[in-house]
Structure formats: C-alpha cells, structure tokens
Amino acid sequence: MSLTYVIPDIHGRFDLMSEALHGVHAYAAGNGGTLVMLGDYVDKGPDSNRVIARLRRGMPDGWSFVPLKGNHDAMMVAAWRDPANMTRWLKRGGDAVLESYGGDPSVIPRTDIAWLDALPLTYTDAHRVYVHAGLDPGVARDAQPETTLLWKRYPKGEAAGFEGRHVVHGHNSFAQGPELYQGRTNLDTRSWRTGRLVTGVFDDAVPGGPVDFIVVHGPAQERLGQSL
C-alpha cells in the first residue's frame, strides 16, 4: 500500500512537528511513502528556526518529501526583503521568529529565506490536490493566483473538491478539527496554540479523504496571535 502523510500548519512548534515525524515513521513501519507539509512553518510558536533547519534536512531514502509554502512563510520572506513589510509581519507572529533567531532580522540566514521563497504552492497526485489555503472553482489550477493559494478561506460547510480531485489544505484553523467534507479536508487544528497536531494519512490508490490520522499532543501555548 502506498500512502501519503500530510502535516498541516506548524507555526514554530518544533516539539509537535518532531512528534508527528516520529509518528509517521512508526506508522510507515519501515516502508517509504510521501510526506506533504502544508506550509506555515514559522511565526507564533517558539522555534521557527529549528523547524526550518529540520525541514531543510528532508526525509530519508525511500521517501518523497513535498514541503509547500504557506502565507506566513511568504510574509517572512517579504519582511526580510523589504523593511516596509516588517511591521505587518511582526504583528502576525513574526516577533516569535525573531526571538528564535536571537532578535535581529539581519542574522536570519539567507539560505533559510531562499528555502522558504522557493517552496511550491501546490502538489497534485492521482486523486488529490494539496495546498496551504485553497483553490477557486472555475479557475485552472495553473492559473490560480498566489493570493488564493496562500490566503483563501472556504465558506463554512463548503464541500466541493477541485476538478474531480479531493482538496487537502490547512490555513483555516479549527481547534476541534480536522474538518472532513466530501470534496476537501482541512487539517489545521491550530496546533501552535492547542498543542494538538493531526497528520492525515491518505491511501494513494483510493480517492477522497484520509483513511486514518496520527494525532500528537503537547503543551498548549498561551501566546496571543492572529489566526491569519
């Protein structure tokens, strides 16, 4: 059986991400697979620098690794490149990123910024399309605006997929999630604050939503921050 594992928004919670990766390896039981990360590796949580360092190492042989870009990753890149974007980023959790790197934007490695900037926006397999935020119906996948892929909010209860594929996304945090619909799965459980991270397990041969979940728990975080 070929499986795809999908980990949603991390937001600097290295502890939860590490537990999730251990859970994926245990579930795979020595087999390979595909690991998709849905973006938002930075902001809000305490260890954005460690999250990036770990993800840049990738996965062992036998695995396909697909880290996608999230809106917070894009905001970090924009703030690093243009100080005019810095205030907006800091108000949305970027202050925690600076703390993780020692407090000075100038010490954030160019290689980390380049890695974030180069991340793809979508990944598609036979039955599903994976994206940080969502896709607009009626617009071809290759013509989707970046703002849609990174920032879209699905209406509550929206169940449609995209061009016959199931959509797997994060971004729209729902602490009691994941949210499961006929055409889409939202895996974002606001783990950076709740301490509960849910990895979706998808059978590559079977259309539709997840066949299982890997749930890890850590301490809740009281730090305030916006959900965008």
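The values are calculated or read from the model by the stated rules, or taken from the named source; none is laboratory data. The structure displayed is predicted, hence computed values, not measured ones. All Cβ positions, even for glycine, are placed from backbone atoms using ideal geometry, and neighbour counts span all protein chains on display.
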Of the residues in segment 141-161, those that are in contact with a Lys or Arg (Cβ under 9 Å, 6 or more places away or on another chain) and either assigned to a strand (DSSP E or B) or of a type in the set (Phe, Trp, Tyr) (or both) come to 154
Within segment 186-210, restricting to residues that are in contact (Cβ under 8 Å) with a residue 60 or more places away in the chain and of a type in the set (Val, Ile, Thr), the one that is farthest from residue 38 (Cα to Cα) is 206
Can you name the residue in segment 44-103 that is of a type in the set (Gly, Ala, Ser) and over 20 Å from residue 16 (Cα atoms) and is also nearest to the chain's Cα centre (by Cα) among such residues? 74
Within segment 131-140, identify whether any single residue is part of a helix (DSSP H, G or I) and either touching a His at 6+ places or on another chain (Cβ under 9 Å) or at pLDDT 95 or above (or both), and answer yes or no. no
When you check residue 39 against the structure, is it part of a loop (DSSP other than H, G, I, E, B) and either without any contact (Cβ under 8 Å) to a residue 40 or more places away in the chain or surrounded by fewer than 18 Cβ atoms within 10 Å (Cβ to Cβ) (or both), yes or no? no
Filter segment 57-69 for residues that are part of a loop (DSSP other than H, G, I, E, B) and in contact with a strand residue (DSSP E or B) (Cβ under 9 Å, 6 or more places away or on another chain); the one that is farthest from residue 43 (Cα to Cα) is 62
Check on residue 60, over 30 Å from residue 208 (Cβ atoms), surrounded by fewer than 17 Cβ atoms within 10 Å (Cβ to Cβ) and not small (Gly, Ala, Ser): no
When only residues in segment 150-176 that are more than 23 Å from residue 211 (Cα to Cα) and touching a residue at least 40 places away in the same chain (Cβ under 8 Å) count, which is surrounded by the fewest Cβ atoms within 10 Å (Cβ to Cβ)? 151
Anything in segment 71-110 that is closer than 17 Å to residue 45 by Cβ and of a type in the set (Val, Ile, Thr)? List them, or say none. 97, 108
Any residue in segment 60-87 that's within 16 Å of residue 123 (Cα to Cα) and free of Cβ contacts under 8 Å to residues at least 60 places away in the same chain: show its pairings with residues that are among the hydroxyl-bearing types (Ser, Thr, Tyr) and not in a loop (DSSP other than H, G, I, E, B) at Cβ separation under 6 Å, as long as the two are six or more apart or on different chains. 64/34
Leading residue by the ranking (nearest to the chain's Cα centre (by Cα)) among those in segment 162-194 that are in a loop (DSSP other than H, G, I, E, B), under 27 Å from residue 94 (Cβ atoms) and small (Gly, Ala, Ser): 170
